[in-house]
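Everything on this sheet refers to the single structure shown next.
The values are calculated or read from the model by the stated rules, or taken from the named source; none is laboratory data. In this text, all values refer to a predicted model and were calculated from it rather than measured experimentally. What goes into the accessible areas is simple: the full protein's heavy atoms, side chains included, and nothing from ligands, DNA or RNA. Shrake-Rupley method; radii C 1.70, N 1.55, O 1.52, S 1.80 Å.
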Amino acid sequence: MSATPTRQLALQGAAVILVLSLAWPYFGWTAQAMPWLETSLAIGGVALLFATLSRQPWWWRLIHLTFMPLVWATNTLAIDPSWFLLAFVLLLLVYRGALSGQVPLYLSNKATVAELAKLLGERGPSRFLDLGAGVGSTTVPLADLLPDSHFTGYENAPLTWLVGRLLSLGRPNIRWRWDDLWQAPLGEFDVVYAFLSPVPMPALWQKAKAEMQPGSLFISNSFPVPGEVPSQVIEVDCTPPRPLYCYQI
């Protein structure tokens with residue numbers, strides 16, 4: 001089962017229906033009040049089971065486990081509904097990619113940037129593209145370290161794009177785009193870098209093979225291309241491990 005939002009809603013809904021179809025008749029027959037805390041915990045456990053059996057990514061399993069208990073907990077706090085609307089808007093502004101493309105917000109660390117700078121330095125002046133560039137945690141420091149190279153970042157979440165745009169100001173070798181990564185013309189770049197998730201990798205690799213020029217390099221942080229042997233794997237000295245899978249086109 002894929003990890004689309006519709007699928008996740010179906011899994012959570014199935015857990016709710018299963019638990020309530022058993023609990024409601026029982027407590028109604030015995031004339032007892034429904035124990036909503038225990039019921040919400042049971043729904044979370046069943047949703048986790050369904051998500052595990054359908055091989056959902058770990059973050060979806062965590063969401064399924066905690067969603068209904070958190071609903072119960074927030075309901076007991078009697079929080080003004082406007083705060084939930086504000087939280088939803090902020091999450092959408094930051095994590096739009098997780099909803100539309102199953103791509104959470106990942107930030108590259110300093111050790112990864114150092115390895116990328118070393119790799120790019122060996123290649124000479126390059127045209128580097130960061131797909132899903134977040135707040136510029138990769139492109140901004142690389143642009144400072146390698147002023148002779150040119151860096152482009154594609155980001156479609158409004159708030160993270162804005163932060164990255166502000167951080168890239170004053171750096172003429174950065175171009176910051178608010179756009180879908182699938183619209184990026186990969187053939188214009190010598191090096192294409194992605195730190196996404198396992199879900200889009202097969203389709204992204206097909207796009208890379210179709211568009212990138214011979215001799216160019218596709219790099220995936222942490223998530224290898226299924227069924228493809230990388231030309232080089234760079235082990236980054238960090239915790240958790242974040243290997244760089246390099247594929248020569």
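The table for this structure:
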| quantity | calculated |
| --- | --- |
| Reachable lysines, given that their alpha-carbon falls under 16 Å from the alpha-carbon of K110 and they are not under 8 places away in the same chain | K118 |
| With all protein chains modelled, accessible area of D237 [1.4 Å, Å²] | 140 Å² |
| Eligible aspartates and glutamates near K209 by straight Cα distance, threshold 16 Å, same-chain separation 8 or greater | E188, D190, E228 |
| Computed log₁₀ I(q)/I(0) - Debye formula, equal Cα scatterers, no solvent, the range 152-224, q 0.12, 0.15, 0.21, 0.28 Å⁻¹ | -0.35, -0.55, -1.02, -1.34 |
| Solvent-accessible area of D190 with every protein chain in place, 1.4 Å probe, in Å² to the nearest 10 | 40 Å² |
